[in-house]
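Following: one structure in structure tokens, then a few remarks.
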Amino acid sequence: MTKEELKGAQEEEQQAQSKKGLKKQQKEAEKAAKKAEKQAKLAAEQQSTEEDDFAKDRYGVSAMVQSQQKLDRVLVLVQDLTPEKADQRIWLRARVHTSRAKGKQCFLVLRQQQFNVQALVAVGDRASKQMVKFAANITKESIVDVEALVRKVEQKIESCTQQDVELHLERIFVISQAEPRLPLQLDDAVRPDGDGEEEGRATVNQDTKLDNRVIDLRTTTSQAIFRLQSGVCQLFRDTLTNKGFVEIQTPKIISAASEGGANVFTVSYFKTSAYLAQSPQLYKQMCICADFDKVFCVGPVFRAEDSNTHRHLTEFVGLDIEMAFNYHYHEVIDSITDTMVQIFKGLRDNFQTEIQTVNKQFPSEPFKFLEPTLRLEYTEALAMLQEAGVEMGDEDDLSTPNEKLLGRLVKEKYDTDFYVLDKYPLAVRPFYTMPDPSNPKYSNSYDMFMRGEEILSGAQRIHDAQLLTERANHHQIDLEKIKSYIDSFRFGAPPHGGGGIGLERVCMLYLGLHNVRQTSMFPRDPKRLTP
């Protein structure tokens, strides 16, 4: 190709490129014009929408509550929404449990703890299309303030606790917005295990629930469990206070293992080591020696046991009792069993709503107990087990399967879920347990059982310093470490006994649940240290 031809070809190419460039510029300009037109149209629509939205002051996201003002507004509780409030205009704060838009209206379920109510926003003279759309887009679990008219309904709303009324919303403001993606759905978390699988709907496993405990605790089941647990503590305190007991507080950081065993958490304590208390045992007894006569305490107990079972925790709440008695340690047993019976009666009479709520997800037989409480001797229990084919020595401790089997045998024979097993072999009890005076192989000690599982271990304590020293030596306990404990008995000590109850275990077994983690608000076990 000659120079001229090459030059001509290059010029042609440049012309073609500049034509292309022009076309591209034209296209981009057209695109930009269209975009500007579209935006202008949207803005105009938005403006006309805002102008048309007569209800724009009746909904929205409120400014963060930073205690800017004090309002006289009274907020009604969901559980108080009954037909008596029909046609009243009320204000209410609740969570959005679910929402469902349907044409020109939106149905919401508003939840407050274990109670919920249906609410309706419909296009009309109080609500605009935009307000309905806003309500439908509020994320689940957001907290809202609503003003509404309470209306009676002709047909019961089966899916809500407040079945006879619904709310016709006139205002709705978001107080705290939840993120759109929840780690678990509350409806899935309360579904009975079998139901989800059959219908192809989700259920939530225990670890997911515990990893997202704050959400899980909002479920109706969790709310019911922990309200009932609060009731157990209240009934325990009230019953014992009425019996003349004094509530005490004991240290949790101690210088020696309280049970004399190895299952303790060691903590660094300045230039030395200390332990987390396995029980308030020694301090309760010191209070008896200090003439408090009858004491109880409610507090955390720590066990460094690597037990990954359905009923063991490394930290739990101990309900502990200790009392002086006059002549026989059965006075102590009677006092504790009566306390338990008062708790069972209080739960039965005052917590039926909670019991029924838990039963919906975890069905179980109602808890049965006798008055007076059934008391069996260890040798009788052994005979029942041997008759059922269990091979056990006279001085063997009960294994968990044998405890459960015994519970079933006792239920069949005596129709009770609660009983006392008395006179345990001395060999399987702690060093401070009083030996049986008529048979040194046995002891003045007892356990209490609910639905075949142990909830309390107790005994008459040795209140004589010399015998206590002998028993501690027999158990090979370093006397130097329990010197202050033994010394408490050198200056006159009344005969006394007591026991320790696990709060979470009592709640689990009363409700017929299958895992103690369900009744521990933030459980601690060998594999769980958070949340």
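The values are calculated or read from the model by the stated rules, or taken from the named source; none is laboratory data. Being a predicted model, the structure only gives us computed values, none of them experimental. Backbone-built Cβ (ideal geometry, glycine too); neighbour counts: all protein chains shown. When the accessible area is computed, the model is the full protein with side chains, heavy atoms only, and any ligands, DNA or RNA have been set aside. Shrake-Rupley method; radii C 1.70, N 1.55, O 1.52, S 1.80 Å.
Annotations
- Per residue Cα convex hull volume in Å³ - calculated over the chain: 330 Å³
- Taking Cβ atoms as reference points and 10 Å as the exclusive limit, the residues near residue 276 contribute a net charge of +1, counting Lys and Arg as +1 and Asp and Glu as -1.
- Largest accessible area first, the listed residues 154, 377, 453 line up as 154, 377, 453 when surface is computed with a 1.4 Å probe on the assembled protein chains.
- Straight-distance candidates among the lysines for linking to residue 102, with alpha-carbon spacing under 22 Å and chain neighbours fewer than 8 residues away dropped: 56, 129, 133, 140, 152, 156.
- Counting only protein heavy atoms and a 1.4 Å probe, region 325-400 has 54 square angstrom of accessible area per residue.
- Accessible surface for region 159-294, divided over its residues, is 51 Å² per residue with a 1.4 Å probe.
- Along the chain, counting only trypsin sites (Lys or Arg not before Pro) with a DSSP assignment other than H, G, I, E or B and at most 10 other Cβ atoms inside a 10 Å radius, the longest segment between sites is 272-526.
- Region 345-503 - Debye-derived log10 I(q)/I(0), Cα point model, q = 0.11, 0.12, 0.14, 0.19 Å⁻¹: -0.57, -0.66, -0.82, -1.18
- Ignoring lysines fewer than eight residues from residue 34 along the same chain, the ones with Cα atoms less than 22 angstrom from its Cα are 20, 23, 24.
- DSSP-defined antiparallel bridges as percent of all bridges, the chain, nearest 5: 85 percent
- Estimated purely from DSSP H runs of n ≥ 4, each contributing -39500 (n - 2.57), the mean residue ellipticity at 222 nm for the chain is -11500 deg cm²/dmol once divided by its residues.
- When the solvent-accessible area of the chain is split by element, carbon and sulfur atoms take up 48 percent of it, the probe being 1.4 Å.
- Calculated translational diffusion coefficient of region 225-355 (37 °C, 0.692 mPa s; Stokes-Einstein with Kirkwood radius over alpha-carbon pairs) equals 199 µm²/s.
- Counted over region 96-136 with a bin width of 5 Å, the fraction of Cα pairs per bin, in whole percents, is 6, 27, 30, 18, 12, 6, 1.
- Using the alpha carbons alone, the radius of gyration of region 83-207 stands to its Kirkwood radius in an Rg to Rh ratio of 1.00.
- For region 87-101, 3J(HN,Hα) per residue [Karplus equation, 6.51 cos²θ - 1.76 cosθ + 1.60, θ = phi - 60°, Hz, x = Gly/Pro]: 6, 8, 9, 10, 10, 8, 10, 7, 8, 7, 7, 8, 9, 8, 7
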